[in-house]
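Here the structure is laid out as structure tokens; the discussion comes afterwards.
The values are calculated or read from the model by the stated rules, or taken from the named source; none is laboratory data. All of these numbers come straight from a predicted model, not from anything done at the bench. Note: ideal-geometry Cβ built from the backbone for every residue, glycine included; neighbour counts use all protein chains shown.
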Ligand SMILES: Nc1ncnc2c1ncn2[C@@H]1O[C@H](COP(=O)(O)OP(=O)(O)OP(=O)(O)O)[C@@H](O)[C@H]1O
Ligand SMILES: [Mg+2]
């Protein structure tokens, strides 16, 4: 099926127009992305250590991980976007809160605790006379698992507020010591089962196969690893990936969006598995943030009444907008999604 034929323009407009009436929450790992630019032309060899210091002349911060998913929802025009997580009582947590609030995200449900460290990825950029170079990243992570009382507080918070949400997106993005612990995951699986009227969806790098009763958004590698950890996903055909999508769908009881990078997405439901091609893109490309844009758009569309196939088409459009944005974790607005749809239609007419 062609992308343009997966959804009519009037239907796309109808869905995009409904977004401002929706309330969507994001629960999971939030991170702060920091870009520190050092002007090495100003660097003088230090007397104390035989090293050239990095004189930072610019700092720039943006929401990462689940916070970027929330940002994508806000830019898509969702009426109310809220974040559920646990941040550290530290300067990075305060900057992240500011960056999110500033982008229209409700951070009131976030729990702040001195027992946590706000996940931060600092990317030092060294500039010289003509050139620019990235230095090794500095990461702030959590050395210990989320404590029992914080697990309980997080579960309590979302259980208390789920009634006010139309959808909940789970961002299980950190491999170790993130906030989606086994207990939190079990609680979310139960919450999804107790609220079949709501759209729940999850993006998980390592554990997508452990979620139940909610929409899954694995990429082809994550999906393969969930069922066949010993198989090389790169060697699998689209037919083999279709089988994997169907099995994951059966296992979780909800649609599966199995993303295929430049090949688009397989949308698997209990009835069918459809391949929706990617939207056209114009290089140079920067794939960072494609997955976040995809899940945000797919979930928003589903809540606004789109079928899974329509949601897959809209999500492909949003992801294409984002990967054309260089050197940033991009977002896609309804206007940009509509422009991309028109571009996809004219590209299909020419072929
Ligand atoms: N080269 C590309 N051309 C067109 N669309 C693309 C391309 N790469 C990715 N996309 C779009 O982005 C979506 C998500 O990409 P992908 O399958 O790589 O997810 P992901 O691995 O979860 O991404 P991320 O690395 O951001 O986590 C795809 O379904 C597709 O719509
Ligand atoms: Mg991903």
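Determine which member of the set 164, 135 is more than 14 Å from residue 28 (Cβ to Cβ) and modelled with pLDDT of 95 or more.
Numbers: 135 fails: modelled with pLDDT of 95 or more.
Being more than 14 Å from residue 28 (Cβ to Cβ) and modelled with pLDDT of 95 or more holds for just one of 164, 135, which is 164.
Can you tell me how many residues within region 138-150 are surrounded by fewer than 12 Cβ atoms within 10 Å (Cβ to Cβ), free of Cβ contacts under 8 Å to residues at least 24 places away in the same chain and not in a helix (DSSP H, G or I)?
Total meeting the criteria: 1.
Of the residues 296, 300, which is under 15 Å from the mean Cα position of the chain (by Cα), away from ligand 1 (no atom under 14 Å from the Cβ) and surrounded by 24 or more Cβ atoms within 10 Å (Cβ to Cβ)? Break it down stepwise before answering.
On the way: 296 fails: away from ligand 1 (no atom under 14 Å from the Cβ).
300 is the lone residue from the list that is under 15 Å from the mean Cα position of the chain (by Cα), away from ligand 1 (no atom under 14 Å from the Cβ) and surrounded by 24 or more Cβ atoms within 10 Å (Cβ to Cβ).
Just to check your reading of the model, which residue among 290, 279 is surrounded by 15 or more Cβ atoms within 10 Å (Cβ to Cβ), under 22 Å from the mean Cα position of the chain (by Cα), without any contact (Cβ under 8 Å) to a residue 40 or more places away in the chain and near ligand 1 (Cβ under 9 Å from one of its atoms)? Before you say what the answer is, go through the steps one by one.
Values: 279 fails: without any contact (Cβ under 8 Å) to a residue 40 or more places away in the chain.
That would be 290, the only listed residue that is surrounded by 15 or more Cβ atoms within 10 Å (Cβ to Cβ), under 22 Å from the mean Cα position of the chain (by Cα), without any contact (Cβ under 8 Å) to a residue 40 or more places away in the chain and near ligand 1 (Cβ under 9 Å from one of its atoms).
Give the residue that is nearest to ligand 2 (Cβ to nearest atom), with candidates limited to residues of region 177-222 that are more than 30 Å from residue 140 (Cα to Cα) and assigned to a helix (DSSP H, G or I).
First pass over region 177-222, keeping only residues more than 30 Å from residue 140 (Cα to Cα): 190-199, 212-215.
Going one step further and asking which of them are assigned to a helix (DSSP H, G or I), we end up with 190-194.
Values: 190: 25, 191: 23, 192: 20, 193: 25, 194: 27 Å.
Per the criteria, the residue is 192.
Which of (1) more than 13 Å from ligand 2 (Cβ to nearest atom); (2) within 27 Å of residue 73 (Cβ to Cβ) does residue 250 not meet, given it meets every other one?
(2)
Of everything in region 208-236 that's away from ligand 1 (no atom under 14 Å from the Cβ) and under 19 Å from residue 182 (Cβ atoms), which residue is surrounded by the fewest Cβ atoms within 10 Å (Cβ to Cβ)?
Checked region 208-236; the qualifying residue surrounded by the fewest Cβ atoms within 10 Å (Cβ to Cβ) is 229.
Given (1) under 20 Å from the mean Cα position of the chain (by Cα); (2) surrounded by 12 or more Cβ atoms within 10 Å (Cβ to Cβ); (3) more than 21 Å from residue 97 (Cβ to Cβ), identify the lone condition not met by residue 135.
Every listed condition holds for residue 135 apart from (1).
Can you name the residue in region 256-270 that is assigned to a helix (DSSP H, G or I) and within 6 Å of ligand 1 (Cβ to nearest atom) and is also surrounded by the fewest Cβ atoms within 10 Å (Cβ to Cβ) among such residues? Show your work before the answer.
Filtering region 256-270 down to residues assigned to a helix (DSSP H, G or I) leaves 261-263.
Now restrict to residues that are within 6 Å of ligand 1 (Cβ to nearest atom): 261-262.
Working: 261: 15, 262: 12.
Step by step, filter region 256-270, then rank; the result is 262.
When you go through 311, 306, 270, 301 one by one, which is the residue that is more than 16 Å from ligand 2 (Cβ to nearest atom), modelled with pLDDT under 95 and closer than 13 Å to residue 215 by Cβ? Show your work before the answer.
On the way: 311 fails: modelled with pLDDT under 95; 306 fails: modelled with pLDDT under 95; 301 fails: modelled with pLDDT under 95.
Result: 270 is the single residue among 311, 306, 270, 301 that is more than 16 Å from ligand 2 (Cβ to nearest atom), modelled with pLDDT under 95 and closer than 13 Å to residue 215 by Cβ.
Restricting attention to region 335-351, does a residue exist that is within 9 Å of ligand 1 (Cβ to nearest atom) and under 18 Å from residue 72 (Cα atoms)?
Filtering region 335-351 down to residues within 9 Å of ligand 1 (Cβ to nearest atom) leaves none.
Scanning region 335-351 turns up no residue that is within 9 Å of ligand 1 (Cβ to nearest atom) and under 18 Å from residue 72 (Cα atoms).
Please work out which one of (1) in a helix (DSSP H, G or I); (2) closer than 15 Å to residue 78 by Cβ; (3) over 17 Å from the mean Cα position of the chain (by Cα) is the condition residue 305 fails and give its number.
With respect to (1) in a helix (DSSP H, G or I); (2) closer than 15 Å to residue 78 by Cβ; (3) over 17 Å from the mean Cα position of the chain (by Cα), residue 305 is out only on (1).
Please enumerate the residues belonging to region 322-335 that are away from ligand 2 (no atom under 14 Å from the Cβ) and crowded, with 22+ Cβ neighbours inside 10 Å.
Here is the first cut: in region 322-335, the ones away from ligand 2 (no atom under 14 Å from the Cβ) are 324-328, 330-335.
330, 331, 332 - these are the residues of region 322-335 that are away from ligand 2 (no atom under 14 Å from the Cβ) and crowded, with 22+ Cβ neighbours inside 10 Å.
So residue 243 clears everything in (1) in a loop (DSSP other than H, G, I, E, B); (2) at pLDDT 95 or above; (3) more than 24 Å from residue 301 (Cα to Cα) except one condition, right? Which one?
(1)
What residue, among those in region 151-173 that are within 27 Å of residue 21 (Cβ to Cβ) and free of Cβ contacts under 8 Å to residues at least 24 places away in the same chain, is surrounded by the most Cβ atoms within 10 Å (Cβ to Cβ)?
For region 151-173, the residue satisfying everything is 160.
Of the residues that make up region 120-133, is at least one in a loop (DSSP other than H, G, I, E, B) and either touching a strand residue (DSSP E or B) at 6+ places or on another chain (Cβ under 6 Å) or within 22 Å of residue 174 (Cα to Cα) (or both)?
Here is the first cut: in region 120-133, the residues in a loop (DSSP other than H, G, I, E, B) are 128-131.
Next, only the ones that are either touching a strand residue (DSSP E or B) at 6+ places or on another chain (Cβ under 6 Å) or within 22 Å of residue 174 (Cα to Cα) (or both) stay: none.
No: region 120-133 contains no residue that is in a loop (DSSP other than H, G, I, E, B) and either touching a strand residue (DSSP E or B) at 6+ places or on another chain (Cβ under 6 Å) or within 22 Å of residue 174 (Cα to Cα) (or both).
For a quick check of your reading of the model, give me the residue pairs whose first member lies in region 64-75 and is farther than 11 Å from residue 297 by Cα, whose second is part of a helix (DSSP H, G or I) and modelled with pLDDT of 95 or more, with beta-carbon atoms closer than 6 Å and at least 6 apart or on different chains.
So the pair list comes out as 67/100; 68/292.
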